[in-house]
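The values are calculated or read from the model by the stated rules, or taken from the named source; none is laboratory data. Please read these numbers as outputs of a predicted model, since none were measured by experiment. Heads up, the Cβs are rebuilt from the backbone with ideal geometry, glycines too, and the neighbour counts pull from every protein chain shown. Ligands, DNA and RNA are excluded from the accessible area calculation, which covers all protein heavy atoms including side chains. Shrake-Rupley method; radii C 1.70, N 1.55, O 1.52, S 1.80 Å.
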Amino acid sequence: YAEKIGCTVVSRWVDHGKSGAFWHDRDGIEDAVQAARAGDIDLLVVEHVDRLGRDLGIIGAIYRELSDLGVEIHGISKGRKLDHQDIALLGLAAVEARTILLDRMRDGIKKMVVDGRSPNGTCFGYDAVPGKPGCLVVNEDEAKVIREVFRLRLDGLSLRQIAFAFNARGVPFNP
């Protein structure tokens, strides 16, 4: 896109695996805004507005700050400079998409629980059943450790005392 509109790419910023619902801990967007503040860029190209954020406050704040600094935001999906109407409408769509995604995830988790499956993967004492997502079977070796923890708690030992005792004995614990 940059080549198509006659611009030179000076840097790329990416926030892999980071939620657009928050500003903090998103190095890519933070670095892009810092570059704008430093005067290093005059154009920011995004694939879509939801790459700026999935919260109207965040999207609006980024748009306002970059605009105040004289930095244009272009959207590849729009094929042009984004204006305040694009930011508002596409930002609202991004928020709605996030809401739908969260709803679907919650529904999927509830369904797994109702079906007697684990939505969170395996935990100590269980093994996953290959080919059956969310299905677990008891790992007998690890279950012995768990039973002993409960027995020692009933005998009055603190979790800290149990941990020290297990560590001293070299009891394997692989969460």
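Being more than 24 Å from the chain's Cα centre (by Cα), at pLDDT below 90 and either closer than 23 Å to Val46 by Cα or surrounded by 12 or more Cβ atoms within 10 Å (Cβ to Cβ) (or both): is that true of Val145 here?
Details: more than 24 Å from the chain's Cα centre (by Cα): yes; at pLDDT below 90: no; either closer than 23 Å to Val46 by Cα or surrounded by 12 or more Cβ atoms within 10 Å (Cβ to Cβ) (or both): yes.
No: the conditions fail for Val145.
When you look at Asp31, is it in a loop (DSSP other than H, G, I, E, B), out of contact with any Leu (no Cβ under 6 Å at 6 or more places or on another chain), open to solvent by 50 Å² or more (accessible area, probe 1.4 Å) and more than 19 Å from Tyr1 (Cβ to Cβ), yes or no?
Values: in a loop (DSSP other than H, G, I, E, B): no; out of contact with any Leu (no Cβ under 6 Å at 6 or more places or on another chain): yes; open to solvent by 50 Å² or more (accessible area, probe 1.4 Å): yes; more than 19 Å from Tyr1 (Cβ to Cβ): yes.
Criteria not met by Asp31.
Taking Asp115 and the conditions (1) loosely packed, with under 13 Cβ neighbours inside 10 Å; (2) closer than 21 Å to Ala2 by Cα, which numbered condition does it fall short on, given that it satisfies the others?
Evaluating Asp115 over (1) loosely packed, with under 13 Cβ neighbours inside 10 Å; (2) closer than 21 Å to Ala2 by Cα leaves (2) as the failure.
Among (1) within 24 Å of the chain's Cα centre (by Cα); (2) surrounded by fewer than 13 Cβ atoms within 10 Å (Cβ to Cβ); (3) farther than 30 Å from Cys135 by Cα, which single condition is Ile5 missing?
All conditions are met except number (1).
Conditions first: (1) within 28 Å of Asp50 (Cα to Cα); (2) open to solvent by 80 Å² or more (accessible area, probe 1.4 Å). Asp103 passes all but one, so which condition is the exception?
(2)
On the given criteria, is Arg64 buried (at least 17 other Cβ atoms within 10 Å of the Cβ), of a type in the set (Lys, Arg) and either within 27 Å of Gly6 (Cα to Cα) or touching a helix residue (DSSP H, G or I) at 6+ places or on another chain (Cβ under 8 Å) (or both)? Talk me through it step by step, then tell me what you get.
Numbers: buried (at least 17 other Cβ atoms within 10 Å of the Cβ): no; of a type in the set (Lys, Arg): yes; either within 27 Å of Gly6 (Cα to Cα) or touching a helix residue (DSSP H, G or I) at 6+ places or on another chain (Cβ under 8 Å) (or both): yes.
No, not satisfied.
Take Gly125 and tell me if it is surrounded by 12 or more Cβ atoms within 10 Å (Cβ to Cβ), more than 30 Å from Val9 (Cα to Cα) and out of contact with any Gly (no Cβ under 6 Å at 6 or more places or on another chain). Reasoning before the result, please.
On the way: surrounded by 12 or more Cβ atoms within 10 Å (Cβ to Cβ): yes; more than 30 Å from Val9 (Cα to Cα): yes; out of contact with any Gly (no Cβ under 6 Å at 6 or more places or on another chain): yes.
Yes, satisfied.
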